[in-house]
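Trainee: Dropping the structure in here first, questions after.
The values are calculated or read from the model by the stated rules, or taken from the named source; none is laboratory data. Small disclaimer: the values here were computed from a predicted structure and weren't measured. A quick note on method: Cβ atoms are made from the backbone with ideal geometry, for glycine too, and the neighbour counts reach across all protein chains shown.
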């Protein structure tokens, strides 16, 4: 479909946003330094976007066409929240699941839509410094946002006409696994959770390291199943099996992590593949399925067996989307 995604905007569109000073703030156009950075980053409203007759909440049906009395030809990017949702306010670093529909700004004809079916659009990460942040700002989950983009001409001379988008804020991933608690498995590490869900890992005395990665489900989710081709959204903590020292943690960075399943070590892949979103898994990785591989001798974890606790909070199936 030939329209500009809020998450994957062309270089030309991003340049337009930057040059137009697309940022929220007072009537002078200056961002409010005291405001939340993501709130301050939201694009300004304007006559073009305010002239649109758009209604409905996030996830509602979108019209096949917009009734436009006169062609819309904005000089800069404009944004307005059409319907405010009653969910949580978006925050810096959040991943947001969204849907959008694009329209020709001259005729009102719908150019395409995506994200109204589960897993159809990859969640976007919010940043006050990005074009994505300018579109979403700190809107609340459940909101419907209208945006208009000016016509742009790329460096190669390619022209992109002015466009209107309806952007729906569908959800943000949970920060922790929500599945049903499972009975602990004898011989596996014990996991206790802080109030915010961060795990503490206790290694049993004399724990034997398996020849292949062993896993135990601590919380059984009921979401989509993870495959080898997926991109996952997780919270995780990794410690050395030798002394329990933490070496990596999304919790320490303060935000959900995302990566392709194929992009992590073999043992971590085994901890993910076949599990369901909403699950929490503890995995014991022998060094041969971690970082003990040829060419990795200088890695500080080369000779370490590892333990991970992983909360699987969302998944995206890019292979399914490519096939459609």
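Trainee: I want to confirm something. Restricting to region 276-301 and keeping residues that are assigned to a loop (DSSP other than H, G, I, E, B) and in contact (Cβ under 8 Å) with a residue 60 or more places away in the chain, which single residue is nearest to the chain's Cα centre (by Cα)?
Mentor: Here is the first cut: in region 276-301, the ones assigned to a loop (DSSP other than H, G, I, E, B) are 277-279, 286, 290-301.
Among the residues that remain, those that are also in contact (Cβ under 8 Å) with a residue 60 or more places away in the chain are: 278-279, 286, 301.
Values: 278: 16, 279: 18, 286: 31, 301: 29 Å.
Among those residues, the one meeting the criterion is 278.
Trainee: Residue 224 - would you say it is assigned by TED's automatic domain parsing to the domain that holds residue 266 and modelled with pLDDT under 95?
Mentor: Answer is yes for this residue.
Trainee: Tell me yes or no: at least one residue of region 258-272 is on the phi < 0 side of the Ramachandran plot, touching a residue at least 60 places away in the same chain (Cβ under 8 Å) and either outside any helix (DSSP H, G or I) or surrounded by fewer than 16 Cβ atoms within 10 Å (Cβ to Cβ) (or both).
Mentor: Within region 258-272 (the criterion being on the phi < 0 side of the Ramachandran plot, touching a residue at least 60 places away in the same chain (Cβ under 8 Å) and either outside any helix (DSSP H, G or I) or surrounded by fewer than 16 Cβ atoms within 10 Å (Cβ to Cβ) (or both)), the answer is yes, since at least one residue qualifies.
Trainee: Find the residue count for region 133-149, including only residues that are surrounded by fewer than 23 Cβ atoms within 10 Å (Cβ to Cβ) and farther than 15 Å from residue 82 by Cβ.
Mentor: Total meeting the criteria: 1.
Trainee: Same structure, new question: Go through (1) farther than 20 Å from residue 233 by Cα; (2) more than 15 Å from the chain's Cα centre (by Cα); (3) in a loop (DSSP other than H, G, I, E, B) and name the single condition residue 116 misses.
Mentor: Among (1) farther than 20 Å from residue 233 by Cα; (2) more than 15 Å from the chain's Cα centre (by Cα); (3) in a loop (DSSP other than H, G, I, E, B), residue 116 violates only (1).
Trainee: Please verify whether residue 122 is surrounded by fewer than 23 Cβ atoms within 10 Å (Cβ to Cβ), in a loop (DSSP other than H, G, I, E, B) and assigned by TED's automatic domain parsing to the domain that holds residue 36, treating the condition exactly as stated.
Mentor: Values: surrounded by fewer than 23 Cβ atoms within 10 Å (Cβ to Cβ): yes; in a loop (DSSP other than H, G, I, E, B): yes; assigned by TED's automatic domain parsing to the domain that holds residue 36: yes.
It is true that residue 122 is surrounded by fewer than 23 Cβ atoms within 10 Å (Cβ to Cβ), in a loop (DSSP other than H, G, I, E, B) and assigned by TED's automatic domain parsing to the domain that holds residue 36.
Trainee: Filtering region 125-157 down to residues that are over 19 Å from residue 169 (Cα atoms) and not in a loop (DSSP other than H, G, I, E, B), which residue is farthest from the chain's Cα centre (by Cα)?
Mentor: So, considering only residues that are over 19 Å from residue 169 (Cα atoms) and not in a loop (DSSP other than H, G, I, E, B), the one farthest from the chain's Cα centre (by Cα) is 153.
Trainee: For region 61-95, enumerate the residues that are buried (at least 19 other Cβ atoms within 10 Å of the Cβ) and farther than 16 Å from residue 168 by Cβ.
Mentor: Once the filter is applied, which keeps residues that are buried (at least 19 other Cβ atoms within 10 Å of the Cβ) and farther than 16 Å from residue 168 by Cβ, region 61-95 yields 72, 74, 77, 78.
Trainee: When you go through (1) under 14 Å from residue 282 (Cβ atoms); (2) touching a strand residue (DSSP E or B) at 6+ places or on another chain (Cβ under 6 Å); (3) surrounded by fewer than 17 Cβ atoms within 10 Å (Cβ to Cβ) one by one for residue 237, which number turns out not to apply?
Mentor: (3)
Trainee: Looking at this structure, is residue 69 in a loop (DSSP other than H, G, I, E, B) and touching a strand residue (DSSP E or B) at 6+ places or on another chain (Cβ under 7 Å)?
Mentor: Taking the combined requirement at face value, the residue does not satisfy it.
Trainee: Among the listed residues 38, 52, 100, identify the single one that is crowded, with 17+ Cβ neighbours inside 10 Å, assigned to a strand (DSSP E or B) and outside the structural domain of residue 224 (by TED's automatic domain parsing). If you could, list the steps in order and put the result at the bottom.
Mentor: Numbers: 38 fails: assigned to a strand (DSSP E or B); 52 fails: assigned to a strand (DSSP E or B).
Of the residues listed, the single one that is crowded, with 17+ Cβ neighbours inside 10 Å, assigned to a strand (DSSP E or B) and outside the structural domain of residue 224 (by TED's automatic domain parsing) is 100.
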